[in-house]
Amino acid sequence: MYTKFQDHLNNELAGIKEAGLFKNERILVSPQGAEITISSGAKVLNFCANNYLGLSNNPQLIAAAKDALDTHGYGMSSVRFICGTGNLHKELERKIAGFFGMEDTILYAACFDANGGVFEPLLGEEDAIISDALNHASIIDGVRLCKAVRYRYNNADMADLELQLQAAQAQRYRLIVTDGVFSMDGNIAPLDKIYELANKYDAMIMVDESHSAGVVGKTGRGVTEQFDLKGKVEIITGTLGKAFGGAIGGFTTGKKEIIDMLRQRSRPYLFSNSIPPLVAAAGIRMVDMMSETNELQDKLHENTAYFVEKMLAAGFDIKPTQSAICAVMLYDAKLSQQMAASLLEEGIYVIGFYYPVVPKGKARIRVQISAAHKQEHLDKCITAFTKVGKELGIIKNSDGGCGCGCSCGN
Ligand SMILES: *Cc1c(COP(=O)(O)O)cnc(C)c1O
């Protein structure tokens, strides 16, 4: 039996390789940080982690985690409702709710689980979910598990959202769902307009702040802070795996009754293990740190503004960003792979994305800025981009030619 299946898998895998879509993993032998060591021994500057606030290797978080190992042990060996709820879990839930100005929080092993377990317990076939076309895979999967009628609107397209809301008036309850930051372009959800439309068409709002928590808004409270709507949406989901320390864990924070119901009915919460106490302890320290000072958020915002300004001045085509994600547009898939490879030789680790991760003809290099980047790191990155960009004819040579061999003056 297996021989046939093995052949089938090998054929499929060969197909993935032929299409140039096979994902190879690079092995790190150092902690995650601005500078990392890869298994070849090379040290490179990391511009592709979600380590937005540089907390992945933060001494305060490490100390909090070590303390918790001594006081609370290693694992919980249980789901929450049997004997997997510790005082640290409860405290972290309260702190996260406070951070976002919400009423209560429920923790999950990952935001993938938070999104997978949020829709089905709350909505039924009489209801509607209206979802942005570029929402994260975990939202798409979560919606699939729910019987509600599905509507989809084009990314951040408010005219289309309005049409879908009109179509959804036949349903009992309506929930608009959006990512806070869209991870390929770095744009944010226009929450002010979404909020207006939700009021007009009697809908609730859920925002996934995975890429925006700690990043967007003056104090990093996410897109609800950016648009002055803190505490005004019904549901926020997010991850502890990005700006919030980078380890593992997810959460849903929101209205009290919603969280109460999720504790009763959300399957990834009921049937999957609690996060380790050390992760909860580090999470508590993380929220406290961000309440004591805005230093890291300020540094991240400064770094991002600096990087974008210098890259635009160097002649690169950068998508307008409102987050710490900078999409350097190259359009051509092969070029994006060449450029990423050349940048790695210059000691800059970035990833080139192309179809089907982004639309055809919209290949790019995604640069992710961190508060851990020092000015010299940013400068080294910009210098490397400029050098490689000129070599590959992406930006102008100093003689003013566009590098395409013509006289178009671009
Ligand atoms: C990363 C991400 C997730 C998944 O988070 P995990 O905690 O790693 O499972 C969910 N939603 C969005 C928008 C994300 O960017």
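Take 342-352, 143-153 and order them by the average number of nearby Cβ atoms within 10 Å per residue, most first; the result is 342-352, 143-153.
Diagonalise the Cα gyration tensor of the stretch 27-72 and give the resulting equivalent ellipsoid semi-axes, square root of 5 times each eigenvalue, largest first, whole Å. Intermediate values should be presented prior to the final figure.
Numbers: eigenvalues 126, 33, 10 Å².
Value: 25, 13, 7 Å, ordered largest first.
Convex hull of alpha carbon positions in the stretch 269-410: directionally averaged projected area 12.1 nm².
Nearest 5 is fine: what % of DSSP beta bridges in the stretch 59-292 come out antiparallel, could you say?
40
Peptides 261-270, 93-102 ranked from most to least packed by the mean count of surrounding Cβ atoms within 10 Å: 93-102, 261-270.
Between amide H atoms placed 1.01 Å from N, distances below 5 Å from Y331 occur with A363, R364, all of them 5 or more places distant or on a separate chain. Classify the stretch 60-106 as rounded, prolate or oblate, taking a ≥ b ≥ c as the square roots of the eigenvalues of its Cα gyration tensor: rounded when a/c is under 1.5, otherwise prolate if a/b is larger than b/c and oblate if not. It is oblate, given that a/c is not under 1.5 and a/b is not larger than b/c. What is the ratio of the Cα radius of gyration of the chain to 2.2 N^0.38 Å, with N the residue count, to two decimals? Taking the Cα Rg and dividing by 2.2 N^0.38 Å, one obtains 1.04.
Can you give the local net charge around D317? Use residues other than it whose beta-carbon is closer than 13 angstrom to its beta-carbon, Lys and Arg +1, Asp and Glu -1. Don't skip to the end; give the middle numbers.
Working: positive: K319, K362, R364, K396; negative: D185, D332.
Combined, the nearby Lys, Arg, Asp and Glu give +2.
Screening the chain for DSSP H helices whose Cα atoms reach 15 Å or more along their own axis and whose mean Kyte hydropathy is at least 0.5 gives 277-292.
Round to the nearest 0.05 the FRET efficiency obtained for R26 and K256 when R0 = 51 Å and r is the Cβ-Cβ distance. So, using R0 = 51 Å, E works out to roughly 0.70.
Think of the stretch 59-292 as having a plus end and a minus end, set by charges on the Cβ of Lys, Arg, Asp and Glu; of M204, V216, I236, I236 sits farthest toward the positive end of this dipole. Net length available on complete extension from K390 to E302 is 29.0 nm, with 0.36 nm assigned per residue and the Cα-Cα distance removed.
Give, as a single signed number, the net charge of other residues whose beta carbon lies under 15 Å from the beta carbon of A110, with Lys and Arg counted +1 and Asp and Glu -1.
Working: positive: R80, K242, R267; negative: D113, D141, D208, E209.
Value of the local net charge: -1.
With the simple spin-label model, which puts each label point 7 Å out from Cα in the Cβ direction, the Q60 to M1 separation comes to 5.5 nm. Note on R172 and E295: the model spin-label points, each 7 Å out from Cα along the C-beta direction, lie 5.2 nm apart.
Taking every C-alpha pair closer than 8 Å and separated by at least 6 residues, the mean separation divided by the residue count of the stretch 1-154 gives a relative contact order of 11 percent. Between the amide H of Y153 and those of S131, D132, A133, distances stay under 5 Å, these residues lying 5 or more places away or on another chain, with hydrogens modeled in the peptide plane. A straight Cα-to-Cα reach below 25 Å connects K255 with the lysines K90, K95, K147, K193, K200, K218, K230, K232, K242, residues fewer than 8 places away in its own chain not being considered. Measure off, as a whole percent, the carbon and sulfur share of the 1.4 Å-probe accessible area of the chain, all protein chains present. So the carbon and sulfur contribution to the accessible surface is 51 percent.
Taking a probe of 1.4 Å, how large is the accessible area per residue of the chain, in Å²?
Values: 19260 Å² over 410 residues.
Per residue, the chain has 47 Å² of solvent-accessible surface.
Projecting the alpha carbon convex hull of the stretch 270-324 along each direction and taking the average yields 6.5 nm². Computed over the stretch 83-188, the percent of Cα pairs more than 23 Å apart is 38. Distances between placed amide hydrogens fall under 5 Å for E35 paired with N46, all partners being 5 or more residues away or on another chain. Take every Cα pair under 8 Å whose residues are at least 6 apart in sequence, average their separation, divide by the length of the chain, and the relative contact order is 20 percent. Convex hull volume per residue, computed on the Cα atoms of the stretch 59-292, equals 106 Å³. Each DSSP beta bridge with both residues in the chain is either parallel or antiparallel, and the antiparallel ones are about 55%. Estimated from helices alone, the mean residue ellipticity of the chain at 222 nm is -12000 deg cm²/dmol (sum of -39500 (n - 2.57) over DSSP H runs with n ≥ 4, per residue).
Structural descriptor for the stretch 64-162: relative contact order 20 percent, calculated from alpha carbon pairs under 8 angstrom and at least 6 residues apart.
Would you mind putting 331-337, 204-210, 3-9, 187-193 in packing order, based on average other-beta-carbon counts within 10 Å, highest first?
On the way: 331-337: 17.6, 204-210: 27.0, 3-9: 9.3, 187-193: 20.6.
Averaged packing, sorted descending, gives the order 204-210, 187-193, 331-337, 3-9.
The values are calculated or read from the model by the stated rules, or taken from the named source; none is laboratory data. These numbers were taken from a predicted model, which means no experiment stands behind them. Here Cβ is always computed from backbone atoms with ideal geometry, including for glycine, and neighbour counts include all displayed protein chains. Heads up: the accessible areas ignore ligands, DNA and RNA and are worked out on the full protein's heavy atoms, side chains in. Shrake-Rupley method; radii C 1.70, N 1.55, O 1.52, S 1.80 Å.
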